[in-house]
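So the structure is just underneath, and the comments pick up after that.
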């Protein structure tokens, strides 16, 4: 999808994230992959963790769920 065509519907975001995660199984890559990192894969994993069905997808793919590091209030960054 292009920026103009992108949908903000949760179902569309979920499907795009699911397809992206599937693309990256077993070392697969996409055109966003640069030097071993992929911003699209990172987005997809974060998006899937927001949905109960997405967590099931990650479990089936045996993909580790991203861990967000939070800073404590008052802690220097």
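Of all residue pairs spaced 6 or more apart or on separate chains, those with beta-carbon atoms under 7 Å, a first member in the range 22-34 that is free of Cβ contacts under 8 Å to residues at least 60 places away in the same chain and a second member that is loosely packed, with under 11 Cβ neighbours inside 10 Å are 32/39. Picking from residues in the range 52-65 that are over 18 Å from residue 28 (Cα atoms) and surrounded by fewer than 17 Cβ atoms within 10 Å (Cβ to Cβ), the one that is modelled with the lowest pLDDT is 52.
The values are calculated or read from the model by the stated rules, or taken from the named source; none is laboratory data. What you are looking at is a predicted structure, and each value in this text was computed from that prediction instead of being measured. So basically every Cβ, Gly included, is an ideal-geometry build from the backbone, and we count neighbours across all protein chains shown.
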